[in-house]
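Student: Quick one: the structure is below, and I'll ask about it shortly.
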Amino acid sequence: MKMQGVAGVITLVCMGLVGMASAAEAAGKTTLDNLQAAFNGESNAKAKYESFAVKADAEGYKSVASLFRAAAASETIHARRHAAVIKKLGAEPKATVGKPEVKSTKENLEAALAGETYEKETMYPAFIKLAETEKNKDAVMSFKGALAAEVEHAKLYKQALAELDAWKAALQGVSGLPGLRLHPVCRSGAAEVPGLLVTEGKVHNG
């Protein structure tokens, strides 16, 4: 597997997935520890969502596949930002990227929603609190940017689960689906993915 555009040391392992939740649980007591945990988590999320996209395509959920690819592009941006702050603190970004566990698209959406919910409700709020205590403004900004995006990812995954049949019927990205609004995927950066264009904080039809 080739991790493109993510700064730092990426180690591939053959067994298991070191996901976002486990990365947070392994975090130490400093903001640098939390930055490393977040970098590891976002690196794994990128790999996981890319694998989930392939499965969604295979099952005919083209719009869900596009959503996963857009989210993967967003996680890449988060990882880059965390890596930049890590380097500013004089350390080297490190991540252990495991082989994702891929199930059905429904189950993959449930797993993605659980991960994003953990990040937005537990992981990033705790990381932000410590970074603010340590007066590390760069880390606070990086964590808050990721948190804002994870909130939107969770909304989209929840909607996709609730409207899975409609998402399967829609073959041209996410527009036109019942009740779907365009949400930010990330606050900056641009990434083209099949079926979607993520640019200036919006998800558009590609």
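Student: Name the long-range amide H neighbours of LYS94: under 5 Å, sequence gap of 5 or more, or other chain; modelled H, no Pro or chain starts.
Tutor: Amide H neighbours of LYS94, under 5 Å, 5+ apart: VAL9.
Student: By per-residue mean of other Cβ atoms within 10 Å, what is the highest-first order of 37-44, 151-158, 94-101? Before the final figure, lay out each step's value.
Tutor: Values: 37-44: 28.0, 151-158: 20.8, 94-101: 18.8.
Highest mean packing first, the order is 37-44, 151-158, 94-101.
Student: Which links in LYS46/LYS168; LYS129/LYS158; LYS29/LYS106; LYS94/LYS158; LYS48/LYS88; LYS106/LYS144 stretch past 25 Å when you go from one Cα to the other?
Tutor: Numbers: LYS46/LYS168 22 Å; LYS129/LYS158 27 Å; LYS29/LYS106 36 Å; LYS94/LYS158 31 Å; LYS48/LYS88 28 Å; LYS106/LYS144 29 Å.
Beyond 25 Å: LYS129/LYS158; LYS29/LYS106; LYS94/LYS158; LYS48/LYS88; LYS106/LYS144.
Student: Output the Kirkwood hydrodynamic radius of the stretch 9-169, Cα pairs only, in Å rounded to one decimal.
Tutor: Working: mean 1/r = 0.0638 Å⁻¹.
15.7 Å is the Kirkwood radius here.
Student: Given Cβ point charges of +1 (Lys, Arg) and -1 (Asp, Glu) and nothing else, what value in debye, to the nearest 20, does the dipole of the stretch 9-169 about its Cα centre take?
Tutor: Details: 22 positive and 21 negative charges, 78 e Å.
Computed charge dipole of the stretch 9-169: roughly 380 debye.
Student: So what are the stretch 43-93's ellipsoid semi-axes, whole angstrom, largest first, if each one is the square root of 5 times an eigenvalue of the alpha-carbon gyration tensor?
Tutor: Its equivalent ellipsoid spans semi-axes of 30, 9, 4 Å.
Each reported figure results from applying straightforward, stated rules to the coordinates on display, with no laboratory input. Treat the numbers as computed from the prediction; the structure is a model and nothing was measured. Ideal geometry is used to build each Cβ from the backbone, glycine not excepted, and the neighbour counts take in all protein chains shown.
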